[in-house]
Amino acid sequence: MTLTLRSSISFIIQKETKFLKTFDDVSATVTYAKMKPSFRLKAKSSMQVAHTLNSEGTINEKWEKVHAPSIVHSNHDNSKRVPVFVMLPLDTVTMGGNLNKPRAMSASLMALKSAGVEGVMVDVWWGLVEKDGPLKYNWEAYAELVQMVQMHGLKLQVVMSFHQCGGNVGDSCSVPLPPWVVEEISKNPDIVYTDRSGRRNPEYISLGCDSVPVLRGRTPIQVYADYMRSFRDRFSDYLGSVISEIQVGMGPCGELRYPSYPESNGTWRFPGIGEFQCYDKYMKASLAAAAEAIGKKEWGGGGPHDSGQYNQFPEDTGFFKKDGTWNSEYGQFFMGWYSGKLLEHGERILVSAKEIFQSSGVKLSGKIAGIHWHYRSRSHAAELTAGYYNTRHNDGYLPIAKMFANHDVVFNFTCMEMKDREQPDHANCSPEGLVHQVKTATRTARIELAGENALERYDAGGYAQVLSTSMSDSGSGLAAFTYLRMNKKLFEGDNWRHLVDFVRNMSEGGRRQRLPDSDSRGSDIYVGHIKKTKEQKQEAGTVLV
């Protein structure tokens, strides 16, 4: 959809721009082409100064265009284009089940569209949608968002978020699991992950009870499947068009892993090795059965006794040290079982997801955590406790990639923005080595690789690293990139310029130079900064963000 703006005011991105007004700091009236009745957006600025922009949709070249940056493909291979998505705030839908700041959201989506962004990503929280009771779903706020995204000509990546929000890196709000699920946890604490000291983690239901009817007569896998089926039925008209991807949550933070490094209450701190999460009664029973099956009953009593504590380093432990028991016959047995259970869990959920969405036209994806600390050590301790059996002698990501390939699932990976030299020496990090290994695994498995940044970054260096990772002449580049995350800081002057430049580069194969300091022609970017008269001596931002 091409949007145009008729106005006597020229939108200019000034070099001295301090910030672009974001969210509900804006006052504007907008009309969209080919939509009746017209849509109006109005919100007051933080200075309570109302700027009203009357506009109507048209393709008249005499008027200033409002559209995504023009893309020229004639001089390079369009297959190298990497679409960019932007994650929406975690609290896009409130605990009350309403869309949070809808007018500001609409304006922000317009700004993202103008920058050439392909679409946005949103967490669809289990704890919000099914909070009123089993099989009682409330999708209305998300329906409002989907329609808004469609109106702005964007795509939507939807995350089936079966985990709790809160207690991890970047969690800015709290969304617990549904109250009726929390009630079941209080009755049977073993249905959540448990560490060796007995600490329970309520982030996500333990995979040990995947096939046990612990949720009021349904198994967790059945509950997830019913949730996805209800979503499919509610949004069938948008699947494959507006909703282009379903990312299937399979663990804490939506990632296929164990909650081995929980930040809540200071339990874990970077770069601790974390702890194994296999001490609920269901996991312990599974381990005992696996040990007995190979005639090693003594191995089934629990996890490794010498694997240390959350904030220790590999060399502090008997299990993870250089010549530790991680590489012994017992260590290989335990890690094979522990990582194997995680793979089985992912496969169970993806089998259901594929059956539910197979004829809808949407892509399915799964997210894997970028655990880059202690990557240079032999044991890769932090990856092992998370369930990735990746050591100097064993590839932990190829089995995951092959499992994803069996179900046509996109492999989504984090830490794409990180450089080795930016990490502290004592943490033995190598995010670049890790990303290279994952790219090799996905290429071998012949599946698509998509990326995300692990931490908020607004600098040109972070974007340049993602750009370098995403482009490849060997067929191992990125299929898409999702930027974390939309907030007010993103729309500040230099931050916004870096994002726009990044999106343009991703669209054009990295061949475009840096954006000019201003764009007075109104041909590429309509978001801008308008100064008030000198007599008022105040700035008034007019940006639809």
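The values are calculated or read from the model by the stated rules, or taken from the named source; none is laboratory data. Computed from a predicted structure; not experimentally measured. Note that each Cβ is placed from the backbone with ideal geometry, even for glycine, and that neighbours are counted across all protein chains shown. Ligands, DNA and RNA are stripped out before the accessible areas are found, and what is left, the full protein with its side chains, is counted by its heavy atoms. Shrake-Rupley method; radii C 1.70, N 1.55, O 1.52, S 1.80 Å.
Each row is one residue, and each column tells you yes or no for (1) in a helix (DSSP H, G or I); (2) surrounded by 23 or more Cβ atoms within 10 Å (Cβ to Cβ).
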| site | (1), (2) |
| --- | --- |
| SER360 | no, no |
| GLY366 | no, yes |
| TRP373 | no, yes |
| ALA382 | yes, yes |
| TYR388 | no, yes |
| PRO399 | yes, no |
| LYS402 | yes, no |
Failed item, numbered, when ALA401 is tested on (1) touching a Leu at 6+ places or on another chain (Cβ under 6 Å); (2) under 24 Å from GLU245 (Cβ atoms): (1)
Residue count for region 404-433, restricted to those that are within 17 Å of LEU256 (Cβ to Cβ), surrounded by 15 or more Cβ atoms within 10 Å (Cβ to Cβ) and more than 18 Å from the chain's Cα centre (by Cα): 2
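Just the residues that are open to solvent by less than 90 Å² (accessible area, probe 1.4 Å) and not in a loop (DSSP other than H, G, I, E, B), please, taken from region 314-331.
Let us first name the residues in region 314-331 that are open to solvent by less than 90 Å² (accessible area, probe 1.4 Å), namely 314, 317-321, 324-328, 330-331.
Once the filter is applied, which keeps residues that are open to solvent by less than 90 Å² (accessible area, probe 1.4 Å) and not in a loop (DSSP other than H, G, I, E, B), region 314-331 yields PRO314, THR325, TRP326, ASN327, TYR330, GLY331.
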Hey, ASP123 acidic (Asp, Glu), within 19 Å of the chain's Cα centre (by Cα) and open to solvent by 10 Å² or more (accessible area, probe 1.4 Å) or not: yes
Residue among SER264, SER244 that alone is open to solvent by 20 Å² or more (accessible area, probe 1.4 Å) and over 21 Å from SER365 (Cβ atoms): SER264
Residue satisfying condition, being among the acidic types (Asp, Glu), more than 30 Å from LYS101 (Cα to Cα) and at pLDDT below 95, within set ASP473, ASP425: ASP473
Some residue of region 460-483 being open to solvent by less than 10 Å² (accessible area, probe 1.4 Å), within 30 Å of SER307 (Cβ to Cβ) and assigned to a helix (DSSP H, G or I): no
Pair list, Cβ < 7 Å and 6+ apart or interchain, from region 89-109 residues that are under 12 Å from GLU144 (Cα atoms) and hydrophobic (A, V, I, L, M, F, W, C) to residues that are part of a helix (DSSP H, G or I) and at pLDDT 95 or above: VAL93/LEU128; VAL93/ALA141; VAL93/TYR142; LEU99/MET105; LEU99/ALA141; LEU99/GLU144; LEU99/LEU145; MET105/MET148
Any hit, region 194-213, residues being open to solvent by 50 Å² or more (accessible area, probe 1.4 Å), over 20 Å from ALA285 (Cα atoms) and out of contact with any strand residue (DSSP E or B) (no Cβ under 6 Å at 6 or more places or on another chain): no
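Name the residue that is surrounded by the fewest Cβ atoms within 10 Å (Cβ to Cβ), counting only residues in region 174-190 that are of a type outside the set (D, E, K, R) and more than 25 Å from GLY266 (Cβ to Cβ).
Per the stated criteria, the residue is PRO179.
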Filtered residue count, region 267-285, keeping only those that are open to solvent by 30 Å² or more (accessible area, probe 1.4 Å) and either among the hydroxyl-bearing types (Ser, Thr, Tyr) or in contact with a Phe, Trp or Tyr (Cβ under 7 Å, 6 or more places away or on another chain) (or both): 3
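Does region 139-170 hold any residues that are open to solvent by less than 50 Å² (accessible area, probe 1.4 Å) and assigned to a loop (DSSP other than H, G, I, E, B), and which are they?
TRP139, HIS152, GLY153, LEU154, PHE162, HIS163, GLN164, GLY166, GLY167, ASN168
Yes or no, residue by residue, for (1) under 21 Å from ASP123 (Cα atoms); (2) touching a helix residue (DSSP H, G or I) at 6+ places or on another chain (Cβ under 7 Å):
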position	(1), (2)
ASN390	no, yes
GLY396	no, yes
ASN406	no, no
VAL409	yes, yes
Subset of region 414-439 that is in a helix (DSSP H, G or I) and touching a Ser or Thr at 6+ places or on another chain (Cβ under 7 Å) - its residue that is farthest from ASP316 (Cα to Cα): LYS439
Among the residues listed as GLY303, GLY318, GLY340, the single one being touching an Asp or Glu at 6+ places or on another chain (Cβ under 9 Å), closer than 24 Å to CYS209 by Cα and not polar (S, T, N, Q): GLY303
